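J.: One structure follows; several queries about it will come next.
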Amino acid sequence: MDLKKVIADIPDFPKPGILFRDITPILEDPRAYRAAVDGLAALLRGTPCDRLAAIESRGFILGGPLSLRLDRGLILVRKAGKLPRATVGESYDLEYGSAAIEVHRDSLKPGERVVVIDDLLATGGTAAAAGRLVRKCGGEVAAYLFMVELGGLGGRRQLADAPVFSLVVYD
């Protein structure tokens, strides 16, 4: 299935001059959603991994079914202050300001190979921070995995520490 035909292009959202790539039509269509999860699984073929680390919130939507499909545990990468147990955090820069993400300190064992997954790769800041979190916890980033990549924004450059796989790429 050509997922580019399912993704909705929304001009001038969230502000004039931006072309927003809306993945919700994929999630609304079970065949497209299944094709996305199947495609992501196929991209990981041959990549050894012990767990997936899904970035809040849309990474959860893909990471959940993919972790079940691959029979791998799912680590939740959440915004700071959202996890109930002891956490490890990492800050990263945004266009205007900064943000922080966290994982439970005991979510991963040293030496585990982790695939970081999110819905979209743009500038790469959030995924790079998630990769740093994996390494802080003693893990190894096996790969970064995205359903959509906005290639013109150069996010891959921030993720040079592991392979980057994207199902749909816009240049």
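The values are calculated or read from the model by the stated rules, or taken from the named source; none is laboratory data. Model, not experiment: these values are computed from the prediction. Quick reminder, even Gly has a Cβ in these numbers, built from the backbone with ideal geometry, and neighbours come from all protein chains shown.
J.: Give the residue that is surrounded by the fewest Cβ atoms within 10 Å (Cβ to Cβ), with candidates limited to residues of the range 57-97 that are small (G, A, S) and more than 28 Å from T24 (Cβ to Cβ).
T.: First, the residues of the range 57-97 that are small (G, A, S): 57, 59, 63-64, 67, 73, 80-81, 86, 89, 91, 97.
Adding the requirement that they be more than 28 Å from T24 (Cβ to Cβ) leaves 86, 89, 91.
Values: A86: 9, G89: 16, S91: 11.
Selected residue: A86.
J.: A further question on this structure: So which of L40, L19, L94, L108 is touching a residue at least 40 places away in the same chain (Cβ under 8 Å) and either within 26 Å of G154 (Cβ to Cβ) or β-branched (V, I, T) (or both)? Write out each step before concluding.
T.: Details: L19 fails: touching a residue at least 40 places away in the same chain (Cβ under 8 Å); L94 fails: touching a residue at least 40 places away in the same chain (Cβ under 8 Å); L108 fails: either within 26 Å of G154 (Cβ to Cβ) or β-branched (V, I, T) (or both).
When all the criteria are applied, what remains is L40.
J.: Which residues, counting only those in the range 2-50, are over 17 Å from F146 (Cβ atoms), at pLDDT 95 or above and of a type in the set (V, I, T)?
T.: Correct list: I10 only.
J.: To continue, here is another question. Could you pull out the residue among L62, L83 that is closer than 21 Å to A129 by Cβ, aliphatic (A, V, I, L, M) and over 17 Å from the mean Cα position of the chain (by Cα)? Lay out the reasoning, then the answer.
T.: Working: L62 fails: over 17 Å from the mean Cα position of the chain (by Cα).
That would be L83, the only listed residue that is closer than 21 Å to A129 by Cβ, aliphatic (A, V, I, L, M) and over 17 Å from the mean Cα position of the chain (by Cα).
J.: In contact with a helix residue (DSSP H, G or I) (Cβ under 9 Å, 6 or more places away or on another chain), hydrophobic (A, V, I, L, M, F, W, C) and surrounded by fewer than 21 Cβ atoms within 10 Å (Cβ to Cβ): which single residue out of A127, A122 fits that description?
T.: Testing whether each residue is in contact with a helix residue (DSSP H, G or I) (Cβ under 9 Å, 6 or more places away or on another chain), hydrophobic (A, V, I, L, M, F, W, C) and surrounded by fewer than 21 Cβ atoms within 10 Å (Cβ to Cβ) leaves just A122.
J.: Please determine, by comparing only the residues of the range 47-104 that are of a type in the set (S, T, Y) and in a strand (DSSP E or B), which one is farthest from T123 (Cα to Cα).
T.: As a first pass, look at the range 47-104 and keep what is of a type in the set (S, T, Y): 47, 57, 67, 87, 91-92, 96, 98.
Next, only the ones that are in a strand (DSSP E or B) stay: 87, 91-92, 98.
Working: T87: 25, S91: 15, Y92: 11, S98: 14 Å.
If we take residues in the range 47-104 being of a type in the set (S, T, Y) and in a strand (DSSP E or B), then T87 is farthest from T123 (Cα to Cα).
J.: Still on this structure, please answer the following. Hey, could you check the range 130-158 for residues that are aliphatic (A, V, I, L, M) and within 12 Å of the chain's Cα centre (by Cα) and say which is surrounded by the fewest Cβ atoms within 10 Å (Cβ to Cβ)? Walk me through it before giving the result.
T.: Initially, the range 130-158 is screened for residues aliphatic (A, V, I, L, M), giving 130, 133-134, 141-143, 145, 147-148, 150, 153.
If we keep only those that are within 12 Å of the chain's Cα centre (by Cα) as well, we get 130, 143, 145, 147-148.
Numbers: A130: 27, A143: 20, L145: 30, M147: 26, V148: 23.
Across the range 130-158, the extreme among qualifying residues is A143.
J.: When you scan the range 100-107, do you find a residue that is buried (at least 16 other Cβ atoms within 10 Å of the Cβ) and among the acidic types (D, E), even just one?
T.: First, the residues of the range 100-107 that are buried (at least 16 other Cβ atoms within 10 Å of the Cβ): 101-104, 107.
From the residues that got through so far, the ones that are among the acidic types (D, E) too are 102.
Within the range 100-107, one or more residues are buried (at least 16 other Cβ atoms within 10 Å of the Cβ) and among the acidic types (D, E).
J.: I want to confirm something. Restricting to the range 27-51 and keeping residues that are more than 16 Å from the chain's Cα centre (by Cα) and under 17 Å from D9 (Cα atoms), which single residue is surrounded by the most Cβ atoms within 10 Å (Cβ to Cβ)?
T.: Looking at residues that are more than 16 Å from the chain's Cα centre (by Cα) and under 17 Å from D9 (Cα atoms), I get A32.
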